[in-house]
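Asks: For reference, the structure I am asking about is given below.
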């Protein structure tokens with residue numbers, strides 16, 4: 001049934017794209033896909049008619065749904081029948097309000113995913129955010145280089161008339177080849193869109209300047225913190241250039257960018273603490289980046305709740321030890337969760353932490369009573385782990401206003417709460 005559904009979605013999506021000819025912006029990468037997609041939508045929805053894919057619908061089943069105007073996949077056969085009927089309606093009748101631009105993220109969970117998706121979702125503009133040293137899903141590939149090769153397929157097939165926006169600071173991405181028009185972004189002075197005078201060590205937000213063609217454009221994003229947002233801002237600036245939006249309007253659009261739920265989302269915690277909710281997902285590069293952000297910010301105490309980084313296969317032991325070691329040099333208290341919790345704890349103890357500062361747990365719920373004993377006024381708490389560890393449960397327990405959880409936290413739908 002899944003194969004039949006996948007086939008029907010591909011055919012219907014291909015016909016819809018041919019009929020309506022939307023400008024397609026496709027995003028891939030091991031980290032930052034969803035945040036970049038949301039940022040593009042926030043920045044430019046006031047200037048163009050834009051539709052974005054919902055959540056992380058980025059697979060061979062999920063990615064096509066944005067072209068049908070569907071926000072969530074079906075759970076039953078009847079619901080999928082309704083979705084397919086919606087697709088047929090768009091083919092045989094005309095939707096006068098069909099969007100001018102569609103922003104979709106594409107996952108490379110396994111070899112062949114990008115090849116498959118890019119055969120019928122043919123982007124006018126492609127963005128590759130980052131690969132990193134040990135990318136998520138690497139357990140399904142021979143090496144990180146193989147992950148990069150899969151993602152490169154998104155831009156290698158682009159025609160000269162298309163555009164490619166590439167992270168100049170990522171070694172794997174910097175070496176990728178394409179016939180499309182390129183704009184690179186990053187801190188590198190050799191990038192086309194250069195991040196300069198970055199200041200992300202203040203809870204008042206992100207301060208930076210974007211240099212493009214010799215001119216500096218200052219920006220302040222009050223809700224955003226962390227270096228990874230500087231990358232998002234610079235890549236979205238490049239999108240504005242490709243869309244031929246005037247620079248002044250691009251600047252105004254960039255000011256509207258905010259973090260999405262579960263991605264370094266700042267929340268008020270119990271006892272007048274501050275939570276950096278990064279519980280959506282985790283990979284070695286994003287985990288390291290979030291710890292860097294924590295190290296740069298001021299807090300009475302620094303506390304980290306770190307869960308397993310899943311789907312990294314044979315690299316898991318080494319990467320979890322590295323995170324334990326790094327966290328020990330930054331935090332006053334550490335709470336590790338998951339199958340690799342004890343390994344991270346051992347690593348942090350070897351790095352100088354004391355037994356009464358480090359705790360390991362098998363499940364997220366188990367650490368809640370202990371962390372509540374530790375949190376005090378002006379503490380800064382980072383919560384980050386892979387989706388399967390469900391660290392949003394910890395955030396819910398220590399946030400100041402849990403009655404607003406559905407609005408502020410990830411995975412609050414009835415389907416997720418049943419799991």
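The values are calculated or read from the model by the stated rules, or taken from the named source; none is laboratory data. Please read all numbers here as calculations on a predicted model, not as lab measurements. Methodologically, a virtual Cβ is constructed for each residue, glycine included, from the backbone with ideal geometry; neighbour enumeration extends over all protein chains shown.
Asks: Being at pLDDT below 95 and over 21 Å from residue 28 (Cβ atoms) narrows it down to one of 72, 110, so name that one. Steps first, answer last, please.
Replies: On the way: 110 fails: over 21 Å from residue 28 (Cβ atoms).
Checking each option against the conditions leaves just 72.
Asks: Go over the candidates 108, 174, 191 one by one and state the one that is closer than 27 Å to residue 265 by Cα, in contact with a strand residue (DSSP E or B) (Cβ under 8 Å, 6 or more places away or on another chain) and not assigned by TED's automatic domain parsing to the domain that holds residue 288. Full working, then the answer.
Replies: Numbers: 174 fails: closer than 27 Å to residue 265 by Cα; 191 fails: closer than 27 Å to residue 265 by Cα.
Of the residues listed, the single one that is closer than 27 Å to residue 265 by Cα, in contact with a strand residue (DSSP E or B) (Cβ under 8 Å, 6 or more places away or on another chain) and not assigned by TED's automatic domain parsing to the domain that holds residue 288 is 108.
Asks: Looking at 87, 74 in this structure, which one is in contact with a helix residue (DSSP H, G or I) (Cβ under 6 Å, 6 or more places away or on another chain) and surrounded by fewer than 17 Cβ atoms within 10 Å (Cβ to Cβ)? If you could, list the steps in order and put the result at the bottom.
Replies: Working: 87 fails: surrounded by fewer than 17 Cβ atoms within 10 Å (Cβ to Cβ).
Sole residue among the options that is in contact with a helix residue (DSSP H, G or I) (Cβ under 6 Å, 6 or more places away or on another chain) and surrounded by fewer than 17 Cβ atoms within 10 Å (Cβ to Cβ): 74.
Asks: Could I ask something else about it? Among the residues of the range 247-269, are any more than 24 Å from residue 371 (Cβ to Cβ), surrounded by fewer than 22 Cβ atoms within 10 Å (Cβ to Cβ) and in contact with a strand residue (DSSP E or B) (Cβ under 6 Å, 6 or more places away or on another chain)?
Replies: Within the range 247-269, one or more residues are more than 24 Å from residue 371 (Cβ to Cβ), surrounded by fewer than 22 Cβ atoms within 10 Å (Cβ to Cβ) and in contact with a strand residue (DSSP E or B) (Cβ under 6 Å, 6 or more places away or on another chain).
Asks: Okay, moving on. Examine the range 311-320 for a residue that is in the same structural domain as residue 290 (by TED's automatic domain parsing), in contact with a helix residue (DSSP H, G or I) (Cβ under 6 Å, 6 or more places away or on another chain), surrounded by fewer than 18 Cβ atoms within 10 Å (Cβ to Cβ) and touching a residue at least 12 places away in the same chain (Cβ under 8 Å), and state whether such a residue exists.
Replies: Filtering the range 311-320 down to residues in the same structural domain as residue 290 (by TED's automatic domain parsing) leaves 311-320.
Applying the additional criterion that residues be in contact with a helix residue (DSSP H, G or I) (Cβ under 6 Å, 6 or more places away or on another chain) yields 311-313, 319-320.
Imposing the further condition that a residue be surrounded by fewer than 18 Cβ atoms within 10 Å (Cβ to Cβ) reduces the set to 313.
If we keep only those that are touching a residue at least 12 places away in the same chain (Cβ under 8 Å) as well, we get 313.
The answer is yes; a qualifying residue exists.
Asks: Any idea which residue in the range 194-223 is surrounded by the most Cβ atoms within 10 Å (Cβ to Cβ), counting only those that are out of contact with any strand residue (DSSP E or B) (no Cβ under 9 Å at 6 or more places or on another chain) and modelled with pLDDT under 95? Steps first, please.
Replies: Going through the range 194-223, the residues out of contact with any strand residue (DSSP E or B) (no Cβ under 9 Å at 6 or more places or on another chain) turn out to be 201-202, 213-215.
So of that shortlist, the ones also modelled with pLDDT under 95 come out as 201-202.
Numbers: 201: 17, 202: 12.
That would be 201.
Asks: Right, here's the next one. So, residue 271, is that one assigned by TED's automatic domain parsing to the domain that holds residue 413 and either modelled with pLDDT under 95 or farther than 19 Å from residue 31 by Cβ (or both) or not? Steps first, answer last, please.
Replies: Details: assigned by TED's automatic domain parsing to the domain that holds residue 413: yes; either modelled with pLDDT under 95 or farther than 19 Å from residue 31 by Cβ (or both): yes.
For residue 271, the condition - assigned by TED's automatic domain parsing to the domain that holds residue 413 and either modelled with pLDDT under 95 or farther than 19 Å from residue 31 by Cβ (or both) - is met.
Asks: Of all residues in the range 11-30, which are in contact with a strand residue (DSSP E or B) (Cβ under 8 Å, 6 or more places away or on another chain) and either surrounded by 22 or more Cβ atoms within 10 Å (Cβ to Cβ) or assigned to a helix (DSSP H, G or I) (or both)?
Replies: In the first step, residues of the range 11-30 are kept if they are in contact with a strand residue (DSSP E or B) (Cβ under 8 Å, 6 or more places away or on another chain); the result is 17, 22-29.
17, 25, 26, 27, 28, 29 - these are the residues of the range 11-30 that are in contact with a strand residue (DSSP E or B) (Cβ under 8 Å, 6 or more places away or on another chain) and either surrounded by 22 or more Cβ atoms within 10 Å (Cβ to Cβ) or assigned to a helix (DSSP H, G or I) (or both).
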